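What follows is one structure encoded as C-alpha cells, with my remarks underneath.
The values are calculated or read from the model by the stated rules, or taken from the named source; none is laboratory data. Here the structure is a predicted model, which is why all the values come from computation and not from measurement. Cβ: placed from backbone, ideal geometry, glycine included. Neighbour counts: every protein chain shown.
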Amino acid sequence: MTGTPIVRLENVTKTYGGIAALAQADFDLHPGEIHALVGENGAGKSTLCKLIAGVITPNEGTIRVDGQDANLATPKDASRLGISMVYQETSLVPQLTVAQNMVLGRESAFNSIRKVRNAARQVLQRLNFKVDPMQLAGSLSTAKRQMVEIARAVLNEARVIILDEPTAALTPEETDHLFDLMRSLQRSGVAMIFISHALEEALNHADRISVLRNGRLTVTGQARDFDRNRLIHHMIGEELKEFEREPAASAGPGSALPVLRVENVRMGSMVNNMSFSIFPGQITGIAGLIGSGRSEVAKVIMGHTKRNFGGGRIWLEGREVRYALPAQAVADGIAYVSEDRKLDGFFETMNATENIGLGWMAKFGRRKLIAPLQRMAQAARDWESRLSIRGIGKNQSVLYLSGGNQQKVVIAKSLVQKPKLVIFDEPTRGVDVGAIAEIRQIVRDFAESGAGVILISSYLPEILDLSDRILVAKSGTIVAEFARGEATASRILHAAIH
Ligand SMILES: Nc1ncnc2c1ncn2[C@@H]1O[C@H](COP(=O)(O)OP(=O)(O)OP(=O)(O)O)[C@@H](O)[C@H]1O
Ligand SMILES: [Mg+2]
C-alpha cells in the first residue's frame, strides 16, 4: 500500500509483570482500509487495539498517527486524533440514555439537552439504526448497544474505528448489516480494524489481514492472498485437526426415558407454552432466531427467572422440579453453560484454577465441613488443561485473562460438576478455532458418557454438525423437530422464520 498510513506501530511492546502480551509489533492501517486481526485466544489482538485506542500505553516502540509521533496516553487523546474503539465487552453506561452515552466526555460541545438529542438522532438516522436516542442504554439488546457505540464513533467524526469481536454476539442478519455499514463508512474514508474468530469474516470482508500468535504479529497480507488453511497455519503454526463427527450411536426419542421433560412452560412474553423432552446420550440442538425463547427457557429450567415464571411443569428424571435458585439445579446435576460470560459471576480476583474449583465445591463440597481441597484442585487443573486455558503469567486473575480464555473458564466451571444434563448456550462464541474443536469434542463426549445435552446455537453448521435431534424454536414455542438425517439448513431456517 502507498501513502502515509493513518496509524503506524513500530516495534511496539506491551508487557504485564515483565511478560509480553504483545512483542515488537509492526503494524499499519491506511485511510479507508478494513483490516482484520485474527489469532488464538490470548494472542494479543485486544492488546494491539487498546494500544491504538489509548486505553493502555506501550513499554517500548512508537505509535504514529498521520505520520506524527502520537502520545496516546488516554482514550481521550486517541479520540481527539479521530480514533474510536468499540469494545469486546460493551462500555456504555446503562443508567444513561443512548443520546447521553453518545456524547459522553464531550458534553461541553453541546449546550442543551435538545442539541444532544438532535445530534444523536441525526447520526442514528444517517446510519439507518432503529434506536430511540431517549431510551436507557441498559435496556438495549447487544446488537443495539453495539450500534450505539458505532454511532458514537461516527458522531465523534472518527477516522479510525476499532471493533473488537463485533460479530460475536450478533445474528447472521445483524452481522450482514454490520458489514454493509462498515463498507459504507469505508467509502467515506473511515479506516477500520476488526477482530474476529470467524475466519470467513476476515477472508470475505477485510482488505488486509494480520495474524497474531503468542504476542507476535506473524504476517500481514491482502485478504485475497489467504485462505482458511493458510490463516490457521499462521495462527497455530501447524495444521488443525478439525472436529469430525462420528455417525449417531443412539436412536431417536423414545429409546430411553427423558432426562428432562418440559411441558407448557411460560415466562413473560418470551416463552409461550414451550414443551420438549431431552434424552440421555444424545445432543438435542435447539435452533431459532434471537428472541425465539431458547435461552429464556434454559433460564427458567435453572431457576434464574423465578419472578416471571408464568406456569408449566418440568421433570428431571421423572421427578417434578421447580428451582427457585440456580444452586438447587446445580445440586441436582444440571449445568448451564451460559452465553453471557459475566452472568455466572466468577470471582475476578481469583485465578482460573480457583474459579473452576469453586464450581467443583458448589457441587461436591456441599455439607462437608472440611473440603477435599486436593481433589478440588486436581479436578480444576484437569479442566484447565483440557480446554487449554492460558494467561501470559502464572496465576493470572481471571479479570486479566483474554476474552476467549474467560469464556473457557465459564465452561470449565460448569463441566467440572459432572452434570447429568448440560445446557450449552452458544458455547463456542468468542473462542478461537482450536478451542472450538476441543469444545465440540467435549460436548460430544458428554453425550457419549450418557448425559443429556441441550445445544443452543445461532450458528447453524454447529447445530447440524453436532446434534442427534434438532428442535426449532420460534416466538417462545417449539415449532418443528428433525432427526439428524432429515435436518438441513434450509428446512431449519424455513421453520424458524415461517
Ligand atoms: N491487564 C492485564 N494484566 C495482565 N495480563 C493481561 C492484561 N491484559 C491482557 N493480559 C494478557 O495478555 C494476553 C493477550 O491478551 P489479549 O486480550 O490481547 O488477547 P486476545 O488476542 O484479544 O484474545 P481473545 O481472542 O481471547 O480475546 C493474554 O494472555 C492476557 O491474559
Ligand atoms: Mg480479545
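Please work out if Leu29 is in contact with a Leu (Cβ under 8 Å, 6 or more places away or on another chain), away from ligand 1 (no atom under 16 Å from the Cβ), under 21 Å from Glu149 (Cβ atoms) and not β-branched (Val, Ile, Thr). It is false that Leu29 is in contact with a Leu (Cβ under 8 Å, 6 or more places away or on another chain), away from ligand 1 (no atom under 16 Å from the Cβ), under 21 Å from Glu149 (Cβ atoms) and not β-branched (Val, Ile, Thr).
Just one residue in the set Gly54, Gly61 is in contact with a helix residue (DSSP H, G or I) (Cβ under 6 Å, 6 or more places away or on another chain), more than 13 Å from ligand 1 (Cβ to nearest atom) and in the same structural domain as Ser210 (by TED's automatic domain parsing); that residue is Gly54. Looking across the stretch 367-388 at every residue that is within 16 Å of ligand 1 (Cβ to nearest atom) and in contact (Cβ under 8 Å) with a residue 40 or more places away in the chain, the one that is nearest to Ala447 (Cα to Cα) is identified as Leu387. Just wondering, is there one or more residues in the stretch 67-87 that are within 23 Å of Gln396 (Cβ to Cβ), within 16 Å of ligand 1 (Cβ to nearest atom) and surrounded by fewer than 23 Cβ atoms within 10 Å (Cβ to Cβ)? There is at least one residue in the stretch 67-87 that is within 23 Å of Gln396 (Cβ to Cβ), within 16 Å of ligand 1 (Cβ to nearest atom) and surrounded by fewer than 23 Cβ atoms within 10 Å (Cβ to Cβ). Would you point out which residue out of Ile161, Ile195 is among the β-branched types (Val, Ile, Thr) and within 16 Å of ligand 2 (Cβ to nearest atom)? Just a single option satisfies the conditions, and that option is Ile195. Scanning the stretch 199-216 for residues that are more than 15 Å from ligand 2 (Cβ to nearest atom) and either in a strand (DSSP E or B) or not assigned by TED's automatic domain parsing to the domain that holds Glu165 (or both) yields Arg208, Ile209, Arg216.
Please list, ordered by residue number, the helices (runs of 4 or more DSSP H) wholly in the stretch 389-470 having 2 or more residues that are away from ligand 1 (no atom under 13 Å from the Cβ), of a type outside the set (S, T, N, Q) and surrounded by fewer than 23 Cβ atoms within 10 Å (Cβ to Cβ). If you could, list the steps in order and put the result at the bottom.
On the way: elements: 403-415, 433-448, 460-466.
Where helices (runs of 4 or more DSSP H) fall fully within the stretch 389-470 and carry at least 2 residues being away from ligand 1 (no atom under 13 Å from the Cβ), of a type outside the set (S, T, N, Q) and surrounded by fewer than 23 Cβ atoms within 10 Å (Cβ to Cβ), they are 433-448, 460-466.
The stretch 291-387 holds helices (runs of 4 or more DSSP H) entirely within its bounds, and those carrying 1 or more residues that are modelled with pLDDT under 85 and farther than 25 Å from Arg429 by Cβ map to 352-364, 373-386. Only one of the numbered conditions (1) more than 31 Å from the chain's Cα centre (by Cα); (2) exposed (fewer than 15 other Cβ atoms within 10 Å of the Cβ) is not met by Gly105, and that is (1). Quick one: would you say Ala20 is in contact (Cβ under 8 Å) with a residue 40 or more places away in the chain, within 16 Å of ligand 1 (Cβ to nearest atom) and part of a strand (DSSP E or B)? Answer is yes for this residue.
Taking the stretch 175-198 as the range and being part of a strand (DSSP E or B) and within 14 Å of ligand 1 (Cβ to nearest atom) as the test, the residues that pass are Ile193, Phe194, Ile195.
Residues in the stretch 384-407 that are within 14 Å of ligand 2 (Cβ to nearest atom) and more than 12 Å from Phe346 (Cα to Cα): 9 in all. Residues in the stretch 30-44 that are of a type in the set (Val, Ile, Thr) and within 16 Å of ligand 2 (Cβ to nearest atom): Val38 only.
Here is a check on your reading of the model: is Thr47 within 16 Å of ligand 2 (Cβ to nearest atom) and not in a loop (DSSP other than H, G, I, E, B)? It is true that Thr47 is within 16 Å of ligand 2 (Cβ to nearest atom) and not in a loop (DSSP other than H, G, I, E, B).
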